[in-house]
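Asker: Before we start, here is the structure in question, set down as structure tokens.
The values are calculated or read from the model by the stated rules, or taken from the named source; none is laboratory data. Predicted model only: the values in this text are computed from it and were never measured. All Cβ positions, glycine included, derive from the backbone under ideal geometry; neighbour counts span all protein chains shown.
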Amino acid sequence: MKIADLTALDLATEPRSSLGDTVPFFFYRYVTLFAIADSMGARATGALEEAGRKAGEQLVKGMFYRTPEDLAEHYRQHGMGLLSVDDLEENRWRATLRECATCHGLPNVDMALCWFDAGLLAGAFQGMFGASLPPGSPPIEVVEEACVGLGDNECVFKIEPMLRVVEGV
Ligand SMILES: [Zn+2]
């Protein structure tokens with residue numbers, strides 16, 4: 001097997017016999033935030049977003065999540081944060097994330113940080129709702145509009161079909 005072939009189910013192995021299946025969230029933050037802060041910069045944010053997208057797609061395809069409530073339950077169960085999703089109008093949503101594993105309690109660093117979550121929401125919403133979008137719609141994309149990293153109290157994500165803005169091109 002190649003690493004590109006790993007699925008969500010391959011990663012969700014039996015818990016370790018002594019240590020179980022959780023790690024402290026500072027460990028997760030070492031991986032995500034230090035990668036963004038250090039040499040990888042913009043490449044890290046893109047990579048985290050793509051990783052999130054793949055995870056979100058697999059939650060729908062492989063684990064049969066069907067609704068934003070399923071996703072919110074996944075977030076809660078796995079300590080990823082307290083997610084709530086509002087329907088704004090047809091095919092437009094707003095997700096709010098409190099107690100976010102990535103950014104809760106951090107100082108204002110003048111940057112939205114939750115690239116993995118933005119990608120996960122994009123992948124999951126595309127999987128759940130992409131087939132019912134009007135023909136010719138662009139894919140569902142996510143923009144993090146508020147983040148603890150920007151000095152906000154919680155993270156807010158705009159979710160809707162939109163043309164992707166690629167930075168630095
Ligand atoms: Zn955030």
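Asker: I'm checking my understanding of the structure. Among residues of the range 125-168 that are surrounded by fewer than 15 Cβ atoms within 10 Å (Cβ to Cβ) and of a type in the set (S, T, N, Q), which one is nearest to D70 (Cα to Cα)?
Answerer: Per the criteria, the residue is S132.
Conditions tested, residue by residue: (1) within 14 Å of the ligand (Cβ to nearest atom); (2) touching an Asp or Glu at 6+ places or on another chain (Cβ under 6 Å); (3) free of Cβ contacts under 8 Å to residues at least 60 places away in the same chain; (4) not in a loop (DSSP other than H, G, I, E, B).
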| site | (1), (2), (3), (4) |
| --- | --- |
| V109 | yes, no, yes, no |
| L113 | yes, no, no, no |
| A118 | yes, yes, no, yes |
| L121 | yes, no, no, yes |
| Q126 | no, no, no, yes |
| G130 | no, no, yes, yes |
| S137 | no, no, yes, no |
| V156 | yes, yes, no, yes |
| R164 | no, yes, yes, no |
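Asker: Scan the range 117-140 residue by residue and report those that are out of contact with any helix residue (DSSP H, G or I) (no Cβ under 7 Å at 6 or more places or on another chain) and of a type in the set (A, V, I, L, M).
Answerer: Scanning the range 117-140 gives A131, L133.
Asker: Going through E145, E160 one at a time, which residue ends up being at pLDDT 95 or above, outside any helix (DSSP H, G or I), closer than 18 Å to G52 by Cα and within 16 Å of the ligand (Cβ to nearest atom)?
Answerer: Working: E160 fails: within 16 Å of the ligand (Cβ to nearest atom).
Of the residues listed, the single one that is at pLDDT 95 or above, outside any helix (DSSP H, G or I), closer than 18 Å to G52 by Cα and within 16 Å of the ligand (Cβ to nearest atom) is E145.
Asker: Can R53 be described as under 24 Å from Y28 (Cα atoms), without any contact (Cβ under 8 Å) to a residue 40 or more places away in the chain and within 16 Å of the chain's Cα centre (by Cα)?
Answerer: For R53, the condition - under 24 Å from Y28 (Cα atoms), without any contact (Cβ under 8 Å) to a residue 40 or more places away in the chain and within 16 Å of the chain's Cα centre (by Cα) - is not met.
Asker: Next question. Give the residues of the range 95-107 that are farther than 17 Å from E73 by Cα and either more than 12 Å from the ligand (Cβ to nearest atom) or hydroxyl-bearing (S, T, Y) (or both), sorted by residue number.
Answerer: Step one: list which residues in the range 95-107 are farther than 17 Å from E73 by Cα, which gives 102-107.
T102, P107 - these are the residues of the range 95-107 that are farther than 17 Å from E73 by Cα and either more than 12 Å from the ligand (Cβ to nearest atom) or hydroxyl-bearing (S, T, Y) (or both).
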